[in-house]
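Reading through the structure tokens given below for one structure.
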Amino acid sequence: MNKYVNPSQEDKDISSDHESLVTKYNTLDLNEGNLTVTKDKEAWEDERNNEDMEDVQEETLEDERSNAMELSVDAENMSWENADEKDGESASSSKEDIIIIINDALKNVELNVREHLKRNDEILTHYIDNEKEVPNCECIHFEDVEILLRNYTVILSFYVTHLAYKEEAVCKICKHANNRIFACLTCPFFGCYEAGHMKKHVLEAKHCLAVSIHLGEIFCFECEDFVYHETFENQLHKCQVAQSMVRNISPRPTWKPNRREIPLLKAVGMKQLASDTLLGVRGIQNVGNTCYINCILQVLLHNPILVEYFLLDKRNCFKNKNCVSYELYNLFQRTCRGASSALRPTDFLRAYQKASGHVVGVYQQDAGEFFHNLVTILNDCCGEKNERHADWNRFLEKTFYGSYLNIRICTECNYTSRTMESFIEVVMGIKAILKVERNNEKFIHLISGLKEKFCSEQKLTDKCPNCEKKGTISLFEKIYELPSIVCFNVPRAFWSKKREILEKDPSHLYFPEVIDLSPYVHPKIRQAQKDPDFYKYVLFGAVQHQGGKTGGHYWSYVRHRDNRWLSCEDEIIKDVSLRQVLSCEASLLFYYKRFWNY
């Protein structure tokens, strides 16, 4: 394993000296004789053979030598037409001086290269002796690590941990100071994130690594994410420890506004966020019969499991900007940027339409069907498969996919078969659920539907694979594995035999805020789990439909932070109470696991 040490400033000074030599030669007139500077090639070979270096180090040394030899050849072939005439002795003296200077430069170059190679060996020996690997990083933009680490330490000391306190960091363009200021890790530039001044510097200067002044962490604008490097993380930890020690001995003095800040404080005064401020909440524009999509997107955007996944360091597989997963990730990013205007999801709709083959925006479709199709598409839209995509697929399966254990018993020959069936949503036909009348109104309960589906025998008419007789088959269903997010789909449409049309059942559906699904899990699986709260789920979203089967309007209710409930109807966001949510005519219910961990 090789680790290169980057050229120091001394090397750059030598290169600059070479250029000054060329300039000096152009002012001389050495027409008499030919200037020849050579190096004994055999001596070079002897020195190289005596050195015990790796192949890569030999190539580095050879490159430096070649550059130096080319300099001597260039000097030999130069034409000195613009210089004053010199006599023979003066010209001869100048030749000797120039030869001495070039030989000295060659020696300096060689010594410098040897010093760098020696430092390389010391670094590699340190890691080998301590049985450690040279620290690496997934980000490919960590070049010149030694120089970057030196700059990183200065930024941490002066602007992050304030071990060597100076004035606060301000944007070089707009002169604003806030907690979104970034410091370039390559050059002394400070820029703000909100106004895009740091991004502009990245594009112009090609410096993609920057340090968050607020966090002290490194952000790569090429990877569009915070990146982690073991060496830099250790340095941050050391500075933070030193900061704690300094604070224990001599606390940092209280803040005093400077001349620039005093008039700003007087003009603006102290501001506080209003209690009704909604952060991370945005309406979604209806671009034409897309309310069935908007309601599902709002539910997903307010799912804490997805929010944590998309906003942390888990999005490295989303590189294809034409895939649905990338556009969904982009919606999460846009929602959490602090803007309040409604989102226009045209890129997402275009990607979904291409992946699903379904025309979007022409006519009303079913929200439950859209949710099912979306989860299915997310599994296959990352393009080239690798370990990162496998991580994404594992996350999807753990989050959205559960499984049933189906037990079929033939009433003729008692043949029993067991099959596993995966599910994205638990579908319960509303016509099959036992209804109760109260005050002349029919209502059903979600718990009743679960008991009927998973705790009772279902009769089917089918052909037995054993006796090959068509007869009655007894079906028993049990949940074998539950996902982190459970969707209950209670379709209200049914076929009216009398009227021979699709009708909508108006019965009210009762559902709890917290539900325990352990009674519907296979006994062997349930008994293996000792935590009594393992199968408890919390309501975080509900979708309601108003109108007939062939038309109408969808909107959703979502749980925001601090158990605050919102009604999301396309672009309109309103506060609602939990009581209003529990009394809605829901057709889709979304619950997340109370205790989840990834």
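Each value in this text was obtained by applying a stated rule to the coordinates, not by laboratory testing. Remember, predicted model here, so these are calculated numbers, not experimental data. Every residue, glycine as well, gets a Cβ built from its backbone with ideal geometry; the counts of neighbours run over all protein chains shown.
General observations
- Fewest-first ranking of ILE572, ILE515, using other Cβ atoms within 10 Å as the exposure measure: ILE572, ILE515
- Cα-only radius of gyration and Dmax that characterise the stretch 445-494, units Å: 14.7, 41
- Length released on extending from LYS175 to PHE226, taking residue separation times 0.36 nm less the Cα-Cα span: 15.9 nm
- In the stretch 178-239, the ratio of gyration radius to Kirkwood radius, Rg to Rh, stands at 0.96 when only Cα atoms are counted.
- Note on HIS214 and ASN406: with the Förster distance fixed at 45 Å, the Cβ-Cβ geometry gives a FRET efficiency of about 0.25.
- Fewest-first sequence of MET198, MET420, MET428 by Cβ atoms within 10 Å of each Cβ: MET420, MET428, MET198
- Applying 0.36 nm per residue to the separation of GLU585 and ASP531 and subtracting their alpha-carbon distance, the gain on full extension is 16.1 nm.
- In terms of distances greater than 23 angstrom between alpha carbons, the cross-link table entries LYS453/LYS504; LYS398/LYS593; LYS175/LYS199; LYS504/LYS593; LYS398/LYS530; LYS478/LYS593 yield LYS504/LYS593.
- Simple spin-label estimate for SER456 and CYS187 in nanometres, 7 Å along Cα-Cβ: 7.4
- In terms of overall dimensions, the C-alpha atoms belonging to the stretch 332-383 reach 32, 29, 18 Å along their principal axes, ordered largest to smallest.
- Extension gain, ASN466-GLU204: 0.36 nm per intervening residue step, less the Cα-Cα distance, totals 87.0 nm.
- Take the Cα of LYS354, step 7 Å toward its Cβ, do the same at THR416, and the gap between the two points is 5.1 nm.
- Net +/- balance of residues flanking ARG344 in space, Cβ distance below 15 Å, scoring K and R +1, D and E -1: 0
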